[in-house]
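Working notes, structure below.
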Amino acid sequence: MNIKHTFILPLFFLVTTAAGAQSLELWRDSLTTLKKQAELQPKSVELQLSIAAVNLQLLEWEDAVQACNSVLTADGNNLPALFYRAYANNNLRRYELAKNDYEQFLSIAPRNMEARLGLAYTYTKLKRNTDALDEMNNLVEMYPDSSIVYEARAEVEKSMKSYDTALFDLDEALKRAPGKRDLYISKAETLLFLNRKKEAKNTLDEAVRNGTPKGLLLDWYKKCE
């Protein structure tokens, strides 16, 4: 399997789920093949990065860290390795280590959206919400047309119980991605935090009008009663 090294989007609302049994088997077969190739080419950076990428797909966080360590020992500024290791360390709750890797990454590629989102997420885990919000404000300035950054900033604001500003950002995100189901759900949830049940129901109705099957929102509709 040819592994393309792209950066995982570590959004606040991203939930990593294990793949189905067939997909898992394919990833495990790929990992076995890559490890055999790495035995023959122990100095191959590309193979170690590919191993780390498959480890992440399999939720094998510690193994991913070890593969990244192999790369970073030879090249301390390798961007995919820094990003993968930060992502794995976040999942291992080693937030300070993740922060360090994101910061090093951004010292080399300061405009990378995914790494800045990752750093902001890590700040929330370190209870540094003000720093997280500053990071999100920078991202909004850099990428004013991105629904993703508005959505992510709303999640930071919700964690700070700044629900009114979160609603503003969710509306801005919806302007840029009007059919995205998760945005409507996040907005409805925020309105429910404010006990504005009628508006929350209206938001769910809007989601249905924009293509979300109502059956997927029944639990949210019940919360609006």
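The values are calculated or read from the model by the stated rules, or taken from the named source; none is laboratory data. Please read these numbers as outputs of a predicted model, since none were measured by experiment. Glycine also receives a Cβ, built like all others from the backbone with ideal geometry; neighbour counts cover every protein chain displayed. Note: areas computed on protein heavy atoms with side chains; ligands, DNA, RNA excluded. Shrake-Rupley method; radii C 1.70, N 1.55, O 1.52, S 1.80 Å.
When the alpha-carbon atoms of the range 29-88 are used, the pair Rg, Dmax equals 10.3, 30 angstrom. Computed from the C-beta positions of T33 and R111 and an R0 of 35 Å, the FRET efficiency is 0.50 to the nearest 0.05. Computed with a 1.4 Å probe over protein heavy atoms only, the accessible surface of the range 35-110 comes to 48 Å² per residue. Short-range pairs are left out: with C-alpha atoms under 8 Å and at least six residues apart, the relative contact order of the range 76-225 is 13 percent. Between T130 and T165, the modelled label-to-label distance comes to 1.2 nm, taking each label 7 Å out from Cα in the direction of the beta carbon. Within straight-line reach of K127, meaning a Cα separation under 12 Å, sit the following aspartates and glutamates at least 8 residues removed in sequence or on another chain: E96. Partners of K187 within straight-line reach, counting aspartates and glutamates whose Cα lies under 14 Å from its Cα and excluding those fewer than 8 residues away in the same chain: E151, E155, E157, D164, D169, D171, E172, E199, D205, E206. Annotation: for a label point projected 7 angstrom from Cα along Cα→Cβ of N77, residues of the range 105-120 with backbone N closer than 17 Å are 105-112.
Between N137 and N69, the distance separating the two model label sites (each 7 Å from Cα on the Cα→Cβ line) works out to 3.9 nm. FRET efficiency for the K197 to S23 pair, using the beta carbon distance and R₀ = 45 Å, is estimated at 0.70.
The largest-to-smallest principal axis extents of the Cα set in the range 89-225 are 47, 27, 25 Å. Measuring between alpha carbons in the structure, the pairs from K99/K180; K180/K201; K175/K223; K197/K222 lying more than 19 angstrom apart are K99/K180; K175/K223.
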